[in-house]
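The values are calculated or read from the model by the stated rules, or taken from the named source; none is laboratory data. These figures come from a predicted structure and were not determined experimentally. All Cβ positions, even for glycine, are placed from backbone atoms using ideal geometry, and neighbour counts span all protein chains on display.
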Amino acid sequence: MQPMTAAELRARCRDGSYAGPTSGHASGIVQANMVILPAADAVEFREFCALNPAPCPILEVHAPGDPEPKRIAPGADVRTDLPRYRVFRDGVMFDEPTDISALWRDDLVTFMLGCSFVAEAALLEAGLLLPHIQETGFVPMFRTTRPTVPHGRFHGPLVVSMRPFSPPDAARAAAITAHYPMAHGAPVHVGDPAALGIRDLAEPEYGRAVSLRPGQVAVFWACGVTPQEAILNAKPRLAITHAPGHMFVADITSESTRV
């Protein structure tokens, strides 16, 4: 599929004509993980994010009941402008709709969290190939045995995304992504997946597997699916997130988040 701009992608999500992954679209534009919680749960979750900035970097928090991301995409609507959502009730994921308007309530607080896709344009511009864009459109994501810092009811394992590189390119990728804290920053691990408790790179918990060629090493970044694991443990009465790989595409540039 021809890459879309941010506005085109959101418009097609809104009219129901696109429900696919967002990787490879709107190059150079911020893509965001999303978590929506009742205000009664939002205070604890915000502190959980503050304690775990690598997997949960906060881009924007909306006022209760406000569906518009006024800082990162004025005029957009989080109820309709993502390709696919996940809906959790009491910690159980029970639906993956393409529109959440019918579920909207005045007490819902939206969290926009940084995503590793923010740095992908910089990696591509440096000549670093990203196999998931060519192969499946979905980056592989793995549940690890490394715990997050708990807060209140929110706790769980760190989830990581993986991209394969040659050792020299892995070092370059680490140096580039270190400048993008909103893209989870530098890798959390390079090399043996067993060090993170990952048994098989061909069996990701989220996304889809990619090819690991001879001479390449696995490079792992903290991942914005981590909050979904915390939601499974916290069991709020209602929680809504993006479906893994189906991000909110904003209007601000990735370079605006570079430090």
(request) Would you check which residues across segment 179-206 are in contact (Cβ under 8 Å) with a residue 40 or more places away in the chain and either over 22 Å from residue 259 (Cβ atoms) or acidic (Asp, Glu) (or both) and list them? (result) 193, 196, 197, 198, 201, 204, 205, 206
(message) Tally up the residues in segment 62-94 that are farther than 24 Å from residue 157 by Cβ and in contact with a strand residue (DSSP E or B) (Cβ under 8 Å, 6 or more places away or on another chain), please.
(response) 16
(request) Considering only residues that are hydrophobic (A, V, I, L, M, F, W, C) and touching a strand residue (DSSP E or B) at 6+ places or on another chain (Cβ under 7 Å), look in segment 46-61 and name the one that is surrounded by the most Cβ atoms within 10 Å (Cβ to Cβ). (result) 56
(request) Output the residues belonging to segment 157-169 that are out of contact with any Lys or Arg (no Cβ under 9 Å at 6 or more places or on another chain) and not hydroxyl-bearing (Ser, Thr, Tyr). (result) 162, 163, 167, 168, 169
(request) Kindly indicate whether residue 132 is surrounded by 15 or more Cβ atoms within 10 Å (Cβ to Cβ), part of a loop (DSSP other than H, G, I, E, B) and under 18 Å from the mean Cα position of the chain (by Cα). (result) no
(request) Please state which of the following conditions residue 118 fails to meet, knowing it meets all the rest: (1) modelled with pLDDT of 95 or more; (2) surrounded by 23 or more Cβ atoms within 10 Å (Cβ to Cβ); (3) within 14 Å of the chain's Cα centre (by Cα). (result) (1)
(request) Out of the residues in segment 209-259 that are under 23 Å from residue 128 (Cβ atoms), in contact with a strand residue (DSSP E or B) (Cβ under 9 Å, 6 or more places away or on another chain) and part of a helix (DSSP H, G or I), state the one that is modelled with the lowest pLDDT. (result) 254
(request) State all residues of segment 146-202 that are within 19 Å of residue 45 (Cα to Cα), part of a strand (DSSP E or B) and among the hydrophobic types (A, V, I, L, M, F, W, C); if no residue qualifies, say none. (result) 154, 158, 159
(request) List the strands (runs of 3 or more DSSP E) that sit entirely inside segment 1-107 and contain at least 1 residues that are within 18 Å of residue 243 (Cβ to Cβ), among the charged types (D, E, K, R) and more than 15 Å from the chain's Cα centre (by Cα). (result) 85-89, 92-95
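Let's see how each residue does on (1) charged (D, E, K, R); (2) in contact with a helix residue (DSSP H, G or I) (Cβ under 8 Å, 6 or more places away or on another chain); (3) within 25 Å of residue 50 (Cβ to Cβ); (4) outside the structural domain of residue 28 (by TED's automatic domain parsing):
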site	(1), (2), (3), (4)
143	yes, yes, yes, yes
180	no, yes, yes, yes
191	no, no, no, yes
204	no, no, no, yes
217	no, yes, no, yes
(message) Looking only at segment 135-172, count every residue that is closer than 25 Å to residue 259 by Cα and either aromatic (Phe, Trp, Tyr) or under 18 Å from the mean Cα position of the chain (by Cα) (or both) and tell me the total.
(response) 9
